[in-house]
1. Measuring from label point to label point, each 7 Å out along Cα→Cβ, what is the Met1 to Asp154 span in nm?
2. Where the only charges are on Cβ atoms (+1 Lys, Arg; -1 Asp, Glu), what is the dipole of the chain about its Cα centre, to the nearest 20 debye?
3. Sort 132-142, 337-347 by the packing proxy (mean of other Cβ within 10 Å over each peptide's residues), most packed first.
4. Using the alpha carbon gyration tensor of the range 9-124, what are the three equivalent-ellipsoid semi-axes (square root of 5 times each eigenvalue), largest first, in whole Å?
5. Could you work out how far the C-alpha centroid of the range 23-66 sits from that of the range 129-187, in angstrom?
6. How big, on average over all directions, is the shadow cast by the Cα convex hull of the range 243-357, in nm²?
7. At a temperature of 4 °C and a viscosity of 1.567 mPa s, determine how fast the range 2-237 diffuses translationally according to Stokes-Einstein, using the Kirkwood radius over alpha-carbon pairs as Rh; express D in µm²/s, rounded to the nearest whole number.
8. Starting from the amide H of Leu12, placed 1.01 Å from N in the peptide plane, find each other amide H under 5 Å away whose residue is 5 or more places distant or on another chain.
Amino acid sequence: MIRFIHTGDLHLGLQFKNVSFSSEIAMDRRRELWETFERIVNYSIDRNADFLLIAGDLFESCYFTLGDIKRVRDILSKASELNVLISAGNHDYIGHKSIYRQVEWGENIKIFETDGLECKSFTELNTNIYGYSWNRAEIKENKLLNDFPYSDRDKNNLLLIHGDISNNSNYLPMNINFLKDLEMDYIALGHIHKPRLFSQRIAYCGCPEPLDFGETGIRGIIEGTIDQGITNIEFIPFSKREFHEVTIDLNENLGYLDLINRFENVSVGDISKDFYRIKLKGYLQKDIDLNNIIGDVADKFYHIEIVDETIPDYDLDSLKNNNKDNIIGHFIKTMQDMDLDDKINKDALYYGLNVLLKDRY
Ligand SMILES: [Mn+2]
């Protein structure tokens, strides 16, 4: 039996420049990517894995220094019993001047070549691992796999590759049925940051740490075994933090403390450590200052940002009296003749007032 850990898309070195969180948190996040990388290596050691498969985008070339790549090497080298295989992707592709070429890698670390599919054999483990490293930032056509070279079906056969399961893509398009027909024991994919297990034999591990609000949901790594031709994989949640987009529905009956309560009891995640983007909908009592509430709850959240789509709950009678002779007063009067307990009518009145009052207050 062999045991493997499948990760990828770590994006070490990312500077988080175009994100909505503070530069302090961005710095933290940058450090956390490294911590998680080390945790994955330590986990692989603890689990006595034979292989750590890294399916591309290990780092961000444009930010990565020689010191950083040495740090990668040193972290991987301490796992001397673990075979580490790396197929570079579009963010860490191996051009002539690639930083991958500027360090001496330890015996246990194997980086795939860029001129076609390559096979690395592990005789004692009865395993062949195929892989390919990108040599440029975009690959539109994929003839790589057309003449797949493997023949030794008595061995465990794995493929480690960064690319897009899509018929039309600039990022090494691959067809899922084609991959299935290869009958590999396991195909470890990288590029798509959301984990996706197509079957026990083909999977995207996703990024172990999500990078922004486009990457909500659980993130982790894949652990698998191959035993006499039977592959078993399991997704292991591994990220330190998650991103959540949550909608909170408010109504005009909620007071200050009720609102605080709604924030502190959001339905998902852990407010003390996750990233939250909270969309507020519905009616808000007209005397409540939302900014005060956000200020009060912000300390309890690791990161919170608000999309305010609330509608102020107007004092209709005084508004109508103050606007007797203009369209606002007429509009309120007309709408009040309708059934305002009907949500559609009430929404129509408030949305309309929002528009009419926009330039006046
Ligand atoms: Mn990526």
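Bear in mind these aren't lab numbers, they're just calculated from the coordinates by the rules spelled out. In this text the structure is predicted, and so the values were computed from the model without any measurement. Here Cβ is always computed from backbone atoms with ideal geometry, including for glycine, and neighbour counts include all displayed protein chains.
1. 2.3 nm
2. Numbers: 41 positive and 60 negative charges, 153 e Å.
Rounded to the nearest 20 debye, it is 740 debye.
3. Ranked from most to least packed, the peptides come out as 132-142, 337-347.
4. Working through the eigenvalues yields semi-axes of 25, 18, 12 Å.
5. Result: 24 Å between the Cα centres.
6. Working: hull surface 30.4 nm².
Mean orientational projected area (the range 243-357, Cα hull): 7.6 nm².
7. Rounded to a whole number, D works out at 73 µm²/s.
8. Counting only residues 5 or more places away or on other chains, the set is Phe59, Glu60.
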